[in-house]
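Novice: Provided herewith is a single structure, encoded as structure tokens, for subsequent inquiry.
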Amino acid sequence: MIIWLASYPKSGNTFVRAFLSAYYFSENGEFDFSQISKIDQFPHEKYFKKKVNSINEASKQWVPIQKEINKDRKIRFFKTHSFLGNYQGNQFTSPETTLGAIYIVRDPRNVLSSLKNHYSFDDNDALKMIKDKTRSLMSNNGSHASLTYISSWAENYLSWFNNNQFRRLFVKYEDLISNKYETFRDIIVFTNTLMNRVEGVNKSKLQKAIETTNFDVLKKREMNEAFDGSESSFKSWRKFHSENKNLFFNLGPENNWKKILNSEISKEIEISFEKEMKQLGYL
């Protein structure tokens, strides 16, 4: 069965992915970039047995592929930015294949400024993306099998928030920064419960995982090791850097929309997402 690690892009998904891989896939909680491949990405073309020729054809296979993955009855984490719901008549996942989900949400004003760096967007391009209910992402090779339907920031969040077909834990990115130990501890308690693990939280392993996935540590290691946040496996750093001149781990906690966004753009976000931002305490 699958435990989803879900979010809108640039909301802290890879940060939590690094932490979980350190806690569950190392002996002492020390993070290494090679461990991150243990938490794969979905959708991804690697899971399609043959080439698909359209987005609709790919989306029809999402749930059947998950059923195939689950045949060995193992529990797996998967990272996704997918909208949780219907795309061209096809569901992203189902209670038959999903054990639960962790959803990371972030102030959309800081998401926007992070999107600007990651995609080399200007304010208007980033604003258009974050508000676009029809938005999808696709890998650079243009494979239909890699398509992820993300929708807008609000619709992405609401699709997971309003779904009660399986257990979910909602985590605010801001709490990962300001209240690290308690927030990451709660994530481990939740995932252990989903997996029916009876042991308590390993406090020393938890602390080590937090220390070695500190944002500044990840950023420094990214500059010296092979890492591509959009993929599940290693690439040579030189190849990645030639494809994307901007660091994946860029500002992190220092990303402050008050210093980066002009007032017109931030006001537009606040108007567009007023209800959700109030619900989350961002307004």
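The values are calculated or read from the model by the stated rules, or taken from the named source; none is laboratory data. Bear in mind that the values here come from a model prediction, so they are computed numbers and not experimental data. Cβ placement follows ideal geometry from the backbone for every residue including glycine, while neighbour counts extend to all protein chains displayed. Heavy atoms of the whole protein, side chains included, go into the accessibility calculation; ligands, DNA and RNA do not. Shrake-Rupley method; radii C 1.70, N 1.55, O 1.52, S 1.80 Å.
Novice: As a test of the formula, what do you get for the chain when each DSSP H run with n ≥ 4 contributes -39,500 (n - 2.57) and the sum is divided by the residue count, at 222 nm and rounded to the nearest 500 deg cm²/dmol?
Specialist: Details: 14 runs with 122 residues, N = 283.
About -12000 deg cm²/dmol.
Novice: Using a 1.4 Å probe, what is the accessible area per residue for the chain, in Å²?
Specialist: Values: 13500 Å² over 283 residues.
With all protein chains present, the chain gives 48 Å² per residue.
Novice: Once you've got the GNM for the chain with C-alpha springs shorter than 10 Å, pick whichever of 67, 50, 172 has the biggest mean-square fluctuation.
Specialist: The residue with the greatest mean-square fluctuation here is 50.
Novice: Give me Rg over Rh for the chain, both radii from the alpha carbons and Rh done the Kirkwood way, two decimal places. Before the final figure, lay out the partial values.
Specialist: Details: Rg = 18.1 Å, Rh = 19.4 Å.
My calculation of the ratio gives 0.94.
Novice: Something else: What FRET efficiency would be calculated for the residue pair residue 179, residue 73, taking the C-beta separation as r and a Förster radius of 25 Å, to the nearest 0.05?
Specialist: On the way: r = 35 Å, r/R0 = 1.41.
With R0 = 25 Å, the Cβ-Cβ based efficiency is 0.10.
Novice: Report, by chain and number, residues whose modeled amide H sits under 5 Å from the one on residue 98, excluding near sequence neighbours (fewer than 5 apart, same chain).
Specialist: 2
Novice: Still on this structure, please answer the following. Would you mind telling me the share, in percent, of accessible area of the chain contributed by carbon and sulfur at probe 1.4 angstrom? Don't skip to the end; give the middle numbers.
Specialist: Numbers: 6320 of 13500 Å².
That fraction is 47 percent.
Novice: What are the residues whose amide H is under 5 Å from the amide H of residue 26, where those residues sit 5 or more places off or on another chain and H is modelled from the backbone?
Specialist: Answer set, sorted by chain and number: none.
Novice: Hey, which lysines would be in cross-link range of residue 46, C-alpha to C-alpha under 21 Å, not counting anything within fewer than 8 residues on its own chain?
Specialist: Cross-link targets: 38, 60, 67, 71, 74, 79, 235, 239.
Novice: Would you work out the charge dipole size for the range 17-167 about its Cα centre, treating the Cβ of every Lys and Arg as +1 and the Cβ of every Asp and Glu as -1, and quote it to the nearest 20 debye? Write out the running numbers ahead of the final one.
Specialist: Values: 21 positive and 15 negative charges, 88 e Å.
My answer is approximately 420 debye.
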